[in-house]
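K.L.:
Handing you this structure, nothing more for now.
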Amino acid sequence: MANETKGIIDAPDWFRIPAPVDDGATRHLLGATMAAIPLQATDGHQIGLSALHGRSIVYAYPRTGQPGIDNPPGWDLIPGARGCTPQTCSFRDHFAELKALGIRHLFGLSTQDPAYQGEAAERLHLPFPILSDEHLKLTRAMNLPTFETNGMTLLKRFSQERCSAACRVNWG
C-alpha cells in the first residue's frame with residue numbers, strides 16, 4: 001500500500017499530493033500591521049512580531065511530523081498539508097543566503113505546542129526559532145488562514161516578508 005494512504009512521515013509520491021491553491025485567504029495581510037501578541041519561541045524567548053525591526057520572513061505551516069509517528073488520517077489528501085518538514089529544511093539550508101539578502105529575522109510559525117516544535121527544531125538543527133501560536137491568539141487576531149483536521153486547528157501554508165507591515169505574502 002502506498003505511503004500516502006498510510007499517512008506516515010516517510011516520503012510519499014509527491015506527484016499524488018494535491019498542491020495548495022491560493023484561495024485569497026491571505027490577501028488582507030498585505031500592508032497589515034502585525035498584532036502585538038508575544039509568541040513562545042523554540043529558543044526560549046517570547047517574540048512579538050509587531051516589535052521587530054528590519055526585514056523579516058515568517059512562514060506559516062500546518063505541522064511538522066515526528067519520525068515513527070503516523071500523520072493524521074487523510075493528511076496527504078489535504079492540499080498544502082504535506083511537506084512542512086522539507087519546507088523548514090529549505091529555509092534552514094538557505095538561511096545564510098537570506099541573511100546576506102538583508103533578512104534580519106526568520107521564523108517558522110505553527111499552532112503546535114512549544115515542546116513539539118522544540119523537538120523538530122533540535123532534530124532539524126534549525127538556526128532560527130519556530131514560534132508557537134498554540135492558543136490561536138495571533139491566528140484569530142490576524143485572521144490567519146486555517147483548516148481543521150482530527151480535532152486540530154492548523155495554519156494553512158503561507159509565507160510573508162515583513163518590514164513594518166507585510167510587504168509581500170506568498171501562498172503555499
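The values are calculated or read from the model by the stated rules, or taken from the named source; none is laboratory data. On a predicted model such as this, the values are computed, not experimentally measured, just so you know. Virtual Cβ from ideal backbone geometry, glycine too; neighbours counted across all protein chains shown.
K.L.:
Does the stretch 113-172 hold any residues that are of a type in the set (S, T, Y), under 11 Å from the mean Cα position of the chain (by Cα) and either modelled with pLDDT under 95 or more than 24 Å from P20 (Cα to Cα) (or both), and which are they?
P.N.:
Once the filter is applied, which keeps residues that are of a type in the set (S, T, Y), under 11 Å from the mean Cα position of the chain (by Cα) and either modelled with pLDDT under 95 or more than 24 Å from P20 (Cα to Cα) (or both), the stretch 113-172 yields only S159.
K.L.:
While we're looking at this one, here's another question. Quick one: in the stretch 87-103, of everything that is of a type outside the set (V, I, T) and surrounded by 13 or more Cβ atoms within 10 Å (Cβ to Cβ), which residue is farthest from Q66 (Cα to Cα)?
P.N.:
Our first condition is that a residue be of a type outside the set (V, I, T); within the stretch 87-103, this holds for 87, 89-102.
From the residues that got through so far, the ones that are surrounded by 13 or more Cβ atoms within 10 Å (Cβ to Cβ) too are 87, 89, 91-92, 94-95, 98-99.
Numbers: Q87: 15, C89: 14, F91: 18, R92: 18, H94: 22, F95: 23, L98: 27, K99: 28 Å.
Only one residue tops the list, namely K99.
K.L.:
Shifting gears a bit: Is it the case, given these coordinates, that T64 is part of a loop (DSSP other than H, G, I, E, B) and surrounded by 15 or more Cβ atoms within 10 Å (Cβ to Cβ)?
P.N.:
Working: part of a loop (DSSP other than H, G, I, E, B): yes; surrounded by 15 or more Cβ atoms within 10 Å (Cβ to Cβ): yes.
Yes; evaluated as a whole, the condition is true for this residue.
K.L.:
Looking only at the stretch 75-110, which residues are polar (S, T, N, Q) and farther than 15 Å from L124 by Cα? Explain how you work it out, then say what you get.
P.N.:
Initial filter on the stretch 75-110 (polar (S, T, N, Q)): 85, 87-88, 90, 110.
Scanning the stretch 75-110 gives a single hit, S110.
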